[in-house]
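K.L.:
Attaching a single structure in structure tokens format; questions to follow.
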Amino acid sequence: MSGGAAPLLMTPGPTRVPERVLQAAHRVLHHRTPEFSSALAELLELLRPLFGTRTADLLPIHATGRAAMEGAITNFFSPGDTVLVCTNGKFGEMWANLAESYGLDVVRVAEDWNRSVNPEEVARGLAASRDVRAVLVCHSDTSTGVLNPVAEIAAVAREHAALTLVDGISSIGGTPFLFDEWGLDFAVTSSQKCLMCSPGVSFVAVGERAWEAVGLSGFPRNYLDFGAVRQTLSAEHPQTPGTTPVGLMLQVLEALRMIHEESLEAVFERHERMTALLRRRALGLGFNLQGDGLAKRSPTLSALGVPAGVNPADLRARIRERGIQVAVGLGSHEGSSIRIGHMGDIRLPDVERTMDVLEQVLDARERP
Ligand SMILES: Cc1ncc(COP(=O)(O)O)c(C=O)c1O
């Protein structure tokens, strides 16, 4: 890479932050002022269509996604509760680990990283275990690129009176997400992915049934107390507890304005077009799509099996020398695949440039 310039971030998060969003954070605003309250109220309204909810509470969480997921465990459950977790990727597994670390009983289903979750195996898992309180699933698992069938999973969970908690961290804002229509109870996203902002803040949607679970939960909580966040938001001038990361919130507000200026439908279509282009060119270069049994793949990232004889870490380093940052595979795919993000502010010319560089790097490798 020349001259120390920052590489183009084609990683599956954090992703590029547009200049307009960076500039928005330069305003100095105290978090206990009507000006900030009105920015916060606008932000939360603009966020609703991305979550696909009119009725759920949307709460900012002053931390990255993993903390918001941990908050879901401590707000909705008690030690010894049983949850069923779909673990067909690193982030599904993260749900399971978080739940176990708080003493919940975890029933793992769909453990194969090369397959989508089959709602029938969720139904079987729910039928076989007593009193499962919730099904935890990752919508777009950033480790594999799977897009799990969350609506069908939620329908099954509801039949068994279980909640559905969804990690939408690499999907919300990049592909349709319909919290109300799918009958979800909790969902989370974070600033550094499709919201095209710096890392550090997350947003959760909490539905009515999930609030009932908050009333039953036996864990102590403080910083991640969803009820406390709801209370401060419901003041005449909405606020968040403690010192709000105002700069990050102003970034998110500006990013949401940009998304709605483009229109959410156009943003989704752009993600689909980038995905089609990238995968067509990747297949032409001898890559394959990681995971034979993935029924649906996320339009926000692509996990690509590398051509025979290519080392993914090596490939990543050579691409980086040419000014583009991608990621390598995770888990058992570490030695055989790379992952390319195409979400948020990434545009078709960025995908073209990335694939041109990949092609050059592969060509150079074959030359004596
Ligand atoms: C799907 C998914 N879930 C959870 C996380 C963890 O979120 P964070 O790194 O913001 O704590 C990530 C991060 O990459 C992710 O992609």
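K.L.:
Could you check the stretch 90-111 and list, in sequence order, the residues that are in contact with a Cys (Cβ under 6 Å, 6 or more places away or on another chain) and either over 15 Å from Val132 (Cβ atoms) or not assigned by TED's automatic domain parsing to the domain that holds Asn148 (or both)?
P.N.:
Correct list: Phe91, Gly92.
K.L.:
Scan the stretch 1-30 for residues that are more than 19 Å from Ala255 (Cβ to Cβ) and either in contact with a helix residue (DSSP H, G or I) (Cβ under 6 Å, 6 or more places away or on another chain) or surrounded by 14 or more Cβ atoms within 10 Å (Cβ to Cβ) (or both) and jot them down.
P.N.:
Of everything in the stretch 1-30, those that are more than 19 Å from Ala255 (Cβ to Cβ) and either in contact with a helix residue (DSSP H, G or I) (Cβ under 6 Å, 6 or more places away or on another chain) or surrounded by 14 or more Cβ atoms within 10 Å (Cβ to Cβ) (or both) turn out to be Met1, Pro7.
K.L.:
If you check Gly173 against the conditions, is it within 16 Å of the ligand (Cβ to nearest atom), in the same structural domain as Ala63 (by TED's automatic domain parsing) and in contact with a helix residue (DSSP H, G or I) (Cβ under 6 Å, 6 or more places away or on another chain)? Give the steps one after another, and end with the answer.
P.N.:
Details: within 16 Å of the ligand (Cβ to nearest atom): yes; in the same structural domain as Ala63 (by TED's automatic domain parsing): yes; in contact with a helix residue (DSSP H, G or I) (Cβ under 6 Å, 6 or more places away or on another chain): yes.
It is true that Gly173 is within 16 Å of the ligand (Cβ to nearest atom), in the same structural domain as Ala63 (by TED's automatic domain parsing) and in contact with a helix residue (DSSP H, G or I) (Cβ under 6 Å, 6 or more places away or on another chain).
K.L.:
Also: Select from the stretch 331-351 the residues that are surrounded by 19 or more Cβ atoms within 10 Å (Cβ to Cβ) and part of a loop (DSSP other than H, G, I, E, B) and list them in ascending order.
P.N.:
Matches in the stretch 331-351: His342, Met343, Gly344, Asp345, Ile346.
K.L.:
Let me ask another. Of everything in the stretch 176-186 that's under 15 Å from Leu59 (Cα atoms) and touching a Phe, Trp or Tyr at 6+ places or on another chain (Cβ under 8 Å), which residue is nearest to the ligand (Cβ to nearest atom)? Steps first, answer last, please.
P.N.:
So in the stretch 176-186, the residues under 15 Å from Leu59 (Cα atoms) come out as 179, 185-186.
Next cut, touching a Phe, Trp or Tyr at 6+ places or on another chain (Cβ under 8 Å) only: 179, 186.
Working: Phe179: 16, Phe186: 14 Å.
Result: Phe186.
K.L.:
Still on this structure, I have one more. Determine whether Gly71 is touching a Cys at 6+ places or on another chain (Cβ under 7 Å) and in the same structural domain as Gly174 (by TED's automatic domain parsing).
P.N.:
Details: touching a Cys at 6+ places or on another chain (Cβ under 7 Å): no; in the same structural domain as Gly174 (by TED's automatic domain parsing): yes.
So Gly71 does not fit the description; no.
K.L.:
If Ala128 satisfies all but one of (1) of a type outside the set (Ser, Thr, Tyr); (2) closer than 17 Å to Val106 by Cα; (3) within 16 Å of the ligand (Cβ to nearest atom), what's the number of the condition it fails?
P.N.:
(3)
K.L.:
Looking at the stretch 235-251, which of its residues are modelled with pLDDT of 95 or more and outside any helix (DSSP H, G or I)? Break it down stepwise before answering.
P.N.:
Within the stretch 235-251, the subset modelled with pLDDT of 95 or more is 238-251.
Within the stretch 235-251, Pro238, Gln239, Thr240, Pro241, Gly242, Thr243, Thr244, Pro245 meet the criteria.
K.L.:
Checking Thr189 against (1) more than 26 Å from Arg339 (Cα to Cα); (2) within 15 Å of the ligand (Cβ to nearest atom), which single condition isn't satisfied?
P.N.:
The single condition Thr189 does not satisfy is (1).
K.L.:
Here's something else I'd like to know. Of all residues in the stretch 288-317, how many are part of a loop (DSSP other than H, G, I, E, B) and under 25 Å from the mean Cα position of the chain (by Cα)? Break it down stepwise before answering.
P.N.:
Within the stretch 288-317, the subset part of a loop (DSSP other than H, G, I, E, B) is 290-292, 294-296, 298-300, 306-311.
Filter again for under 25 Å from the mean Cα position of the chain (by Cα), leaving 290-292, 294-296, 298-300, 306.
So the answer is 10.
The values are calculated or read from the model by the stated rules, or taken from the named source; none is laboratory data. No experiment lies behind these values; they were computed from the predicted model shown. For neighbour counting, all protein chains shown are included, and Cβ atoms are generated from backbone atoms with ideal geometry for every residue, glycine included.
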